[in-house]
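K.L.:
Dropping a structure here in structure tokens format, bear with me for questions.
The values are calculated or read from the model by the stated rules, or taken from the named source; none is laboratory data. Bear in mind that the values here come from a model prediction, so they are computed numbers and not experimental data. Because the Cβ atoms are built from the backbone with ideal geometry, glycine has one as well, and the counts that use them run over all protein chains shown.
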Amino acid sequence: MVALSAPSQQPDQVGLRVDVDGQPEFLKLAHPLVHAARSDVAARAVVRALVGYANDIGSAVIAEGIEDVSERDLCLELGVELGQGWLYGRPQPADRIAV
């Protein structure tokens, strides 16, 4: 499991704590980060760094909450090859999903 968190809520302090337990198969990027990357250069840098980290340890990256083609295209540009969100389908019961 990989857990990322901001160690401080102070606006003048920026940091990231990474706790790694084993080697995850997937690293999931939360929707707020994906959405912020659309307009925030720092968020894009974080996504690129996480993609690099995942590549180094052999994990795949999944972007959560992809709602439109522009978010999908941005994720692909930043190196995120897997995604989930409303662009791909609405939540539904498992027995209604075509595989």
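K.L.:
Out of Gly85, Gly89, report the one residue that is closer than 21 Å to Glu25 by Cα and outside any helix (DSSP H, G or I).
P.N.:
Gly85 is the lone residue from the list that is closer than 21 Å to Glu25 by Cα and outside any helix (DSSP H, G or I).
K.L.:
Next question, about the same structure. Restricting to region 71-82, give me the number of residues that are part of a helix (DSSP H, G or I) and farther than 20 Å from Val41 by Cβ.
P.N.:
Within region 71-82, residues that are part of a helix (DSSP H, G or I) and farther than 20 Å from Val41 by Cβ number 0.
K.L.:
If you go through region 39-70 one residue at a time, how many are within 26 Å of Gly89 (Cα to Cα), outside any helix (DSSP H, G or I) and out of contact with any helix residue (DSSP H, G or I) (no Cβ under 6 Å at 6 or more places or on another chain)?
P.N.:
6
K.L.:
Sticking with this structure for a sec: Determine whether region 35-43 contains at least one residue that is modelled with pLDDT of 95 or more, of a type in the set (Lys, Arg) and under 13 Å from the mean Cα position of the chain (by Cα).
P.N.:
Within region 35-43, the first condition is being modelled with pLDDT of 95 or more, and the residues that meet it are none.
Looking through region 35-43, none of the residues is modelled with pLDDT of 95 or more, of a type in the set (Lys, Arg) and under 13 Å from the mean Cα position of the chain (by Cα).
K.L.:
To continue, here is another question. Return the total of residues in region 31-42 being hydrophobic (A, V, I, L, M, F, W, C) and under 19 Å from Gly85 (Cα atoms). Give the derivation first.
P.N.:
Step one: of region 31-42, the residues hydrophobic (A, V, I, L, M, F, W, C) are 33-34, 36-37, 41-42.
Narrowing the set further to residues that are under 19 Å from Gly85 (Cα atoms) leaves 33-34, 36-37.
Residues meeting the conditions: 4.
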